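Asker: One structure, pasted below without further comment.
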Amino acid sequence: MSRRKSIDPKKWLVPLSLITMFILWTQFKVSILFLAIFSLWIPIYFIGFPMLLNRKWLNFEKEFALRFQKNDHKEMLEFYRSQWFLRRFAPRSEMLNKLALIYSAMNKYREAEQVLERAVNLVPPSFRDRLYFNLANVKYELGKYDEAEQMYKALRKGSPYLHAVQTQLALIDLQRGVRIPEARKFLEKSRNNVSGVAKERIEEALKKSA
């Protein structure tokens, strides 16, 4: 069965506008001034709007990073909810990923899982590495080790998350009580290259498996 191609309505905006302008000019004899004003939507939509969206997104990411470093999670959530423009016009998967990060920082892993599962379905498979990695981390926190393992292993071979994935897989092995010597050896070596929550998690897992 052949796959039906989706139609992007945006591709038809300019041709339809030109046809509309031609009809208005030939059939309704509207003035050139009216047509000129009517045509202004084209540069506004294709140039002005993307510039505005990009500026707001950069400001949002900067503010988000600052608040995240301060562990100001409740205010971050309120800040996210106040971004009606970005939640309406920015890439949906990116906004959902930000929301999931907030929920994860607040230890609301079930909410983060639901949000990330929605985000994953919005992007092509070739662009899912970051979302898959974040979702796998959430499933690990929920104790869903089988699902987390499958998602870690589904990442591309050239993914920038591969070392972190190996660490998480070693942690899963310790949680399951399998391949303990290999997992401990890898984690003992890895903990010198990480800090913060990641290092604490490794040290806790090594302590429990001792």
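Asker: Over all alpha-carbon pairs in the range 145-210, figure out the percentage whose distance exceeds 13 Å.
Answerer: 61 percent
Asker: So what are the radius of gyration and Dmax for the Cα set of the range 49-197, in Å?
Answerer: 16.9, 56
Asker: Follow-up. Could you work out the relative contact order of the range 60-140, using alpha carbon pairs under 8 angstrom and six or more residues apart, expressed as a whole percent?
Answerer: Values: 59 pairs, mean separation 19.7, N = 81.
Contact order relative to length: 24 percent.
Asker: What's the magnitude of the charge dipole for the chain around its Cα centre, counting Lys and Arg as +1 and Asp and Glu as -1 at the beta-carbon? Answer in Debye, nearest 20. Don't skip to the answer; put the middle values down first.
Answerer: Values: 37 positive and 21 negative charges, 82 e Å.
Computed about the Cα centre, the dipole is about 400 debye.
Asker: Which whole-angstrom value gives the distance between the alpha carbon centres of the range 109-138 and the range 178-210?
Answerer: Rounded to whole Å, the Cα centres lie 25 Å apart.
Asker: Taking springs between alpha-carbon atoms closer than 10 angstrom, which of 174, 16, 101 fluctuates most in the Gaussian network model of the chain?
Answerer: Most flexible of the set in this elastic network: 16.
Asker: Okay, next question. With the contact rule set at Cα under 8 Å and sequence spacing of 6 or more, what percent relative contact order holds for the chain? Kindly include the intermediate steps, with their values, before the conclusion.
Answerer: Values: 133 pairs, mean separation 19.4, N = 210.
Once normalised by length, the contact order is 9 percent.
Asker: Nearest 10 degrees, 0 to 90: what angle lies between the long axis of helix 49-69 and the longest principal axis of the chain (Cα atoms)?
Answerer: On a 0 to 90 degree scale, this one is about 20.
Asker: While we're on this one: Exposure proxy check: 197, 123, 115 ranked by fewest other beta carbons within 10 Å?
Answerer: Details: 197 9, 123 17, 115 24.
Ranked by crowding around the Cβ, least crowded first: 197, 123, 115.
Asker: With labels modelled as points extended 7 Å from the Cα through the Cβ direction, what inter-label distance (nm, one decimal) is found for residue 180 paired with residue 70?
Answerer: Placing both labels 7 Å beyond Cα along the Cβ direction yields 4.6 nm.
Asker: Follow-up. Residue farthest toward the positive end of the dipole of the chain, with Cβ of Lys/Arg at +1 and Asp/Glu at -1: which of 35, 114, 22?
Answerer: Checking the options against the dipole of the chain, the answer is 22.
Since every read-out is calculated from the coordinates, none of them should be taken as a lab result. The shown structure was predicted, so the numbers you read here are calculated from the model rather than taken from an experiment. Don't worry about glycine lacking a Cβ; one is built from the backbone with ideal geometry, like all the others, and counts go over all protein chains shown.
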